[in-house]
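To start, the structure itself, in structure tokens.
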């Protein structure tokens, strides 16, 4: 296939000059264990797939968008006992995002969408600071929260990490990388302190290996590639609407000031 002008990793300079983007899309994942059956790069694969499919739909609608190369590392501080997990600190994430925004702003690309694939990445404080400092409108899109109706309709029990939803997506996107027969049941060991078990407004990070013995959270047994295909399309359509709207925005609109 020829290089896609809306995917920066593929596009050449001539394409980018002719299709100068108004909106940049930055997939951001993590490198961590996903039960015994999914690749360590699951969050990166998902974020890239959603970003690229949504950008394709937005491009077809006439929006000038470009998907940047993904950031493959996230905050995995509670999983560093698991083999080959790589975690970056919040300060590191801020520096990366700040430099990306600064680079884009210098070229007149003043709208940036983060497509986040990892629940441990907490971007809101970073977005607030970088928006104020750079003048770039930064929008956060946690893909796994974007199509709640589809999530409920498609999956019996989506799970929260390497469960039915993520396994279905990977069966659709890269089935040869999914070792289904090795999967654990994704069971959760609850906190010993009863008050930390779902008290509204109370939170602490899970000591992941103790809480999730096979590193999964949710049973992947009912996952299928068709479920993954349907969910990817549902989420991508939602994100494409965001990209089209941002690409058409003009200065003076709120929040594009």
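The values are calculated or read from the model by the stated rules, or taken from the named source; none is laboratory data. Please read these numbers as outputs of a predicted model, since none were measured by experiment. Cβ placement follows ideal geometry from the backbone for every residue including glycine, while neighbour counts extend to all protein chains displayed.
Name every residue in the stretch 107-124 that is farther than 18 Å from residue 73 by Cα and either at pLDDT 95 or above or touching a helix residue (DSSP H, G or I) at 6+ places or on another chain (Cβ under 9 Å) (or both), in order of residue number.
109, 110, 111, 112
Count, please, the residues in the stretch 197-226 that happen to be outside any loop (DSSP other than H, G, I, E, B) and within 21 Å of residue 176 (Cβ to Cβ).
So the count comes out to 2.
Quick one: which helices (runs of 4 or more DSSP H) lie wholly within the stretch 118-173 and hold at least 3 residues that are touching a strand residue (DSSP E or B) at 6+ places or on another chain (Cβ under 8 Å)?
The qualifying helices (runs of 4 or more DSSP H) are 124-134, 164-173.
Within the stretch 46-64, is even one residue out of contact with any strand residue (DSSP E or B) (no Cβ under 6 Å at 6 or more places or on another chain) and assigned to a strand (DSSP E or B)?
No, the stretch 46-64 has no match at all.
Do we find a residue being touching a residue at least 40 places away in the same chain (Cβ under 8 Å), exposed (fewer than 14 other Cβ atoms within 10 Å of the Cβ) and in a helix (DSSP H, G or I) anywhere in the stretch 90-108?
no
So is residue 32 crowded, with 18+ Cβ neighbours inside 10 Å, closer than 23 Å to residue 124 by Cβ and out of contact with any strand residue (DSSP E or B) (no Cβ under 8 Å at 6 or more places or on another chain) or not?
Answer is no for this residue.
Can you name every residue in the stretch 35-77 that is touching a residue at least 60 places away in the same chain (Cβ under 8 Å), closer than 18 Å to residue 208 by Cβ and buried (at least 18 other Cβ atoms within 10 Å of the Cβ)?
35, 37, 38, 42, 43
May I ask you to say which residue of 83, 136 is over 14 Å from residue 28 (Cα atoms) and surrounded by fewer than 14 Cβ atoms within 10 Å (Cβ to Cβ)?
Unique residue meeting the criteria: 83.
Given the criterion without any contact (Cβ under 8 Å) to a residue 60 or more places away in the chain and surrounded by fewer than 18 Cβ atoms within 10 Å (Cβ to Cβ), identify the matching residue among 207, 190. Break it down into steps so the answer makes sense when it comes.
Working: 207 fails: without any contact (Cβ under 8 Å) to a residue 60 or more places away in the chain.
Result: 190 is the single residue among 207, 190 that is without any contact (Cβ under 8 Å) to a residue 60 or more places away in the chain and surrounded by fewer than 18 Cβ atoms within 10 Å (Cβ to Cβ).
Go through the stretch 111-128 residue by residue and tally those that are crowded, with 20+ Cβ neighbours inside 10 Å and over 24 Å from residue 160 (Cβ atoms).
Result for the stretch 111-128: 2.
Hey, among the residues in the stretch 4-19 that are at pLDDT 95 or above, in a loop (DSSP other than H, G, I, E, B) and out of contact with any strand residue (DSSP E or B) (no Cβ under 6 Å at 6 or more places or on another chain), which one's surrounded by the fewest Cβ atoms within 10 Å (Cβ to Cβ)?
Among them, the one singled out is 12.
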